[in-house]
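J.: Dropping the structure in here first, questions after.
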Amino acid sequence: MLTGTIKATIPLAIISFIIGLIIALLTAMMRISKSPFLTIPATFYVSAIRGTPLLVQLFIIFYGMPTLDITFDPYPAAIIAFSLNVGAYASEIIRGSILSIPKGQWEAAATIGMTKTMALRRIILPQATRVSVPPLSNTFISLVKDTSLASQILVVELFRKSQEIAAVTYDFLLLYVEAALIYWVICFILSMIQSRLEKRLERYTAR
């Protein structure tokens, strides 16, 4: 099962999270825009993803899209579904972090001749990043656990591997508990990393 963790679960989570963050940043920028041509589709995307179960999204992409002659292999389908899901949730975290920065920061940037784009890149986003790290870390930890759903679309990750072994040995309880422990260890390590990162950010902010 460790093979399934190394070859599928962890890479699936990392790749999906990175792509999801890119989607999240773009969506957050669209959501805070004053143009309805940007805010309306972004709002619809976030609402649709947050309002439907992740498992249903996986099934739509893997089992539903072939009816439109759009077919994905299991692993790419999982990446697409997880990335879109992360993008919707993380976009609200990023948007909230940006909006939490006092308006005076924007005004101060304007007084020294910065455009809104420059102010966003050089002043607002660095501060918003520090605010968003803890909730984004929690999102990544949740994603690691959610990768178990990929087993439902035939991705051979940790949980799928335990199912395959259990089907042969009939040691369902032992293997499922073992899979749960592996997930727990991974998430525990990630939680420790998150805690240390938060402490470093606090020291940096205090200075």
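J.: Every residue in the stretch 165-207 that is at pLDDT below 85 and in a helix (DSSP H, G or I), please.
T.: Leu197, Glu198, Lys199, Arg200, Leu201, Glu202, Arg203, Tyr204, Thr205, Ala206
J.: Determine which member of the set Val133, Val155 is under 23 Å from Gln194 (Cα atoms) and either assigned to a helix (DSSP H, G or I) or in contact with a Phe, Trp or Tyr (Cβ under 9 Å, 6 or more places away or on another chain) (or both).
T.: Sole residue among the options that is under 23 Å from Gln194 (Cα atoms) and either assigned to a helix (DSSP H, G or I) or in contact with a Phe, Trp or Tyr (Cβ under 9 Å, 6 or more places away or on another chain) (or both): Val133.
J.: What are the residue pairs meeting all of these: first residue in the stretch 33-47, first residue under 19 Å from Ile98 (Cα atoms), second residue of a type in the set (Asp, Glu), Cβ atoms under 7 Å, and 6 or more apart or on different chains?
T.: Qualifying pairs under 7 Å: Val46/Glu92.
The values are calculated or read from the model by the stated rules, or taken from the named source; none is laboratory data. Quantities reported herein were computed from a predicted structural model and do not represent experimental measurements. Here the Cβ is made from the backbone with ideal geometry for all residues, glycine too, and neighbour counts use every protein chain on show.
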